[in-house]
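The values are calculated or read from the model by the stated rules, or taken from the named source; none is laboratory data. The model shown is predicted, which means the values in this text are computed figures rather than measured ones. A quick note on method: Cβ atoms are made from the backbone with ideal geometry, for glycine too, and the neighbour counts reach across all protein chains shown.
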Amino acid sequence: MKTTVQMSSDQAFTLKDFLTDGRQLPLQQRLQFFYNYRQGLIARKQDLYLRPILSAADREVEIWDVWSKQPRKMLMFGSNNYLGFANHPYVLQKVHQAMEKFGAGIGGPPLLNGYTALHRELEERLSALKHSEDTIIFPTGYAANLGMVCALAGENDAIIYDAHSHASFQDGVKLYGFQAEKFRHNDLNALEQILRHAALQTKGERFVAAEGVYSMDGDLAPLDKIVTLCRQYKAILLLDDAHGTGVMGASGSGTAEHFGLEGQIDVNMGTFSKVFAVTGGFVSGSKPLVHYLRFFARSYMFSASLPPTVVAAVLAGIELLEKEPWRRRQLHENVAYLAAGLRNLGFDVHPQAGIIALRVPPSMNIRKAAYEFHRNGIFVNSVEYPAVPLKEQRFRISVMSTHTKEDLDRLLETVETVWQQCSEVRAMAGGVEY
C-alpha cells in the first residue's frame, strides 16, 4: 500500500499526519510508527503525558521527572480535585471505615451481588443533592453517559447535542447510529432551528444534550434558556454536569441550582472524578427512569460495582459540601483572583467555574511551552489536536480551593515567562497580544 508517511520519528512529523496518512499503514507498522513518534517527542522533551506522581493528590505534588531521573515537587494546576477532597482527613477516615466493614471490593455487578447498603445510601444522597427522585451509579462517568444515551434513545428519536459535548456522549450516539444533529456551541438560535425542524419531522422523542460547565473552555451552558426551549418543543433535556456538581450553586448542587432550576432537569448526569476526586458516575431522574436504566443501560448491567471505599469517599464529599461551604467560596475567590491576574497579562478570560483555558497563538509550539511550565514547577495540562482543532489548542488550568495566593502568583509569573519565551511573534489573537 502506497502512503506518503515515512517510517521515522522526524521532528517535522505531526499527529495530524499520522491520523491521515499513518492510519493507512498495516497494524504492526502503524504501532511501531506511533511508538517511534512518541519516543522522539520524549527525547526532545515534548511529551508530558503519564508523568508518574509519587504523592497524594494536593495543591502540591511530587512527581518523578523522567528527564532528570529525580523526584521533584510541582504546584498542581491540572487536577479536577476542585475542593481538595482527594486528601481530606475526613474522606480518608470514611474510606478506612468502609474498608474495615465491607472489604476492598465486591466482585460483581450491581443487579446481582454488587449492591451494598452503602451504594443505596449514596444514591439517596445524590438524589437529594440533585433534587431528583432517584439515582443510578455507574463505574465511570464515561459509562454513565454511554449507558444513558444508549438505553433511552430509540431509532425513531432525535438527539440534538452541543458541538462541545463530551466524547463519551458522542460515542454513545455513534455506537447505535441514532438520528443525531449537533448545534454550534451555546448557539440558542441554531438549537431552536433544529428543534423546530425535529418537531415536524421526528416521529419519536426529542432529546437535547448539553453540559452545565464545558470542560475545554470552562464556560457555562445558557441553561435557563435551554430549559425554556425544551419545554416549548417538548424535548427531554440530558444535562452532563460533571464539572458543575459540587462547584456551582449556593449549596453545590450544580449548574441547575446556579440558574435557579432545581428539580427542573429531566435527566441529570454527573461524575465522581471531578469534585469528589475518585472515579465513577451517576444519572439522576425520576424513579421510572432510573428503574428502566438499571435493566437497559448495558454499561451498568455488565460492569462490576464501584468498590465500597470509593462510594464512602463520595459520601464523605457530599457531607463536606454541607459542612465546609467555605471551600466552594474559596474556590471561586481563587478563580476570580487568577482570572484578574491573567486579564492584566492580556488574556481575555472570564471563568465562572473551576476551569480557565489559555488559548495558544499559532506561532507557539505548545509542546515546548508545556515543557517550560514543567521546568518551572507548574503542572498544567496542554490540550492538543485532535482533542481540539489545531487552531484551538490551549492550556487548561484547573483551580482548587486549597491553592494559596502565593501559588496563584507563581502561576501568573510562569504564564508570563512562558508566553514571552515561546511566542515567536507579537500579534493580536483572540483578545490576547502575543
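So is Asp240 within 27 Å of Phe395 (Cβ to Cβ) and out of contact with any Pro (no Cβ under 6 Å at 6 or more places or on another chain) or not? Yes: the conditions hold for Asp240. You will find that of Tyr115, Tyr142, the residue that is more than 30 Å from Glu205 (Cα to Cα), touching a residue at least 12 places away in the same chain (Cβ under 8 Å) and not assigned by TED's automatic domain parsing to the domain that holds Lys405 is Tyr115 and no other.
Summed over the stretch 66-96, residues that are in a strand (DSSP E or B) and surrounded by 15 or more Cβ atoms within 10 Å (Cβ to Cβ) total 3. Among residues of the stretch 214-273 being part of a loop (DSSP other than H, G, I, E, B) and β-branched (Val, Ile, Thr), the one that is farthest from Asp134 (Cα to Cα) is Val247. When the stretch 165-197 is filtered for residues that are farther than 21 Å from Lys225 by Cβ and of a type in the set (A, V, I, L, M, F, W, C), the ones remaining, listed by number, are Ala167, Val173, Leu175, Phe178, Ala180. Taking the stretch 332-424 as the region of interest, none of the strands (runs of 3 or more DSSP E) fully inside it holds 3 or more residues being at pLDDT 95 or above and farther than 24 Å from Ser273 by Cα.
The residues of the stretch 167-202 that are under 21 Å from Gly281 (Cβ atoms) and either among the acidic types (Asp, Glu) or touching a Ser or Thr at 6+ places or on another chain (Cβ under 7 Å) (or both) amount to a single one, Asp171. In summary, Phe276 fulfils each of the numbered conditions (1) part of a loop (DSSP other than H, G, I, E, B); (2) surrounded by fewer than 17 Cβ atoms within 10 Å (Cβ to Cβ); (3) among the aromatic types (Phe, Trp, Tyr) with the single exception of condition (2).
Within the stretch 124-139, being over 26 Å from Gly204 (Cβ atoms) and either out of contact with any Ser or Thr (no Cβ under 7 Å at 6 or more places or on another chain) or surrounded by fewer than 18 Cβ atoms within 10 Å (Cβ to Cβ) (or both) holds for Glu124, Arg125, Ala128, His131, Ile137.
The listed residues are Ala153, Ala198, Ala180, and the only one of them that is at pLDDT below 95, more than 30 Å from Glu123 (Cβ to Cβ), in contact with a strand residue (DSSP E or B) (Cβ under 8 Å, 6 or more places away or on another chain) and crowded, with 18+ Cβ neighbours inside 10 Å turns out to be Ala198.
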